[in-house]
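Input: a single structure, listed below in structure tokens.
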Amino acid sequence: MVVCNEKKENCKNNFGIKIVFLPKIRLMPEISRFLGIIITMNFSDHNPPYFHVRYNEFEASIRIKDLGIMIGDLPPKTFGLVAEWAKMHQEELMLCWEEAKKGNFVKIKPL
């Protein structure tokens with residue numbers, strides 16, 4: 001049994017151990033991975049359609065339409081590889097965006 005106040009503060013279980021409620025985590029399923037580069041897409045992202053890229057300590061959001069970086073930074077060589085992959089799979093990325101809006105995700109072949 002968990003005992004809390006209405007705001008879910010100062011909650012404790014039967015053993016008197018404090019319980020902490022964490023906020024919901026937004027899922028960003030991995031749609032592709034290659035050469036240490038991880039491509040994800042958020043289920044609840046806003047327009048324009050884009051995808052997320054992680055490589056080591058770098059992160060960026062890239063528009064699907066023109067493959068421009070919206071926010072973040074990637075090393076030039078990494079961005080070149082991502083742009084090459086995205087150009088080959090631009091139609092699939094748009095399909096993936098539409099499916100993500102429905103709560104589904106589509107895997108895309110790596111580079």
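General remarks:
- Top-ranked residue of region 46-61 - restricted to ones that are closer than 18 Å to GLU99 by Cβ and either β-branched (Val, Ile, Thr) or assigned to a strand (DSSP E or B) (or both), ranked as nearest to the chain's Cα centre (by Cα): HIS52
- Scanning region 62-80 turns up no residue that is surrounded by fewer than 17 Cβ atoms within 10 Å (Cβ to Cβ), in a loop (DSSP other than H, G, I, E, B), among the β-branched types (Val, Ile, Thr) and on the phi < 0 side of the Ramachandran plot.
- Residue in region 60-80 that is of a type in the set (Ser, Thr, Tyr) and in contact with a helix residue (DSSP H, G or I) (Cβ under 8 Å, 6 or more places away or on another chain) present: no
- Check on ILE37, surrounded by 11 or more Cβ atoms within 10 Å (Cβ to Cβ) and at pLDDT 75 or above: yes
- Every residue from region 40-51 that is at pLDDT below 90 and not polar (S, T, N, Q): MET41, PHE43, ASP45, HIS46
The values are calculated or read from the model by the stated rules, or taken from the named source; none is laboratory data. What you are looking at is a predicted structure, and each value in this text was computed from that prediction instead of being measured. Note that each Cβ is placed from the backbone with ideal geometry, even for glycine, and that neighbours are counted across all protein chains shown.
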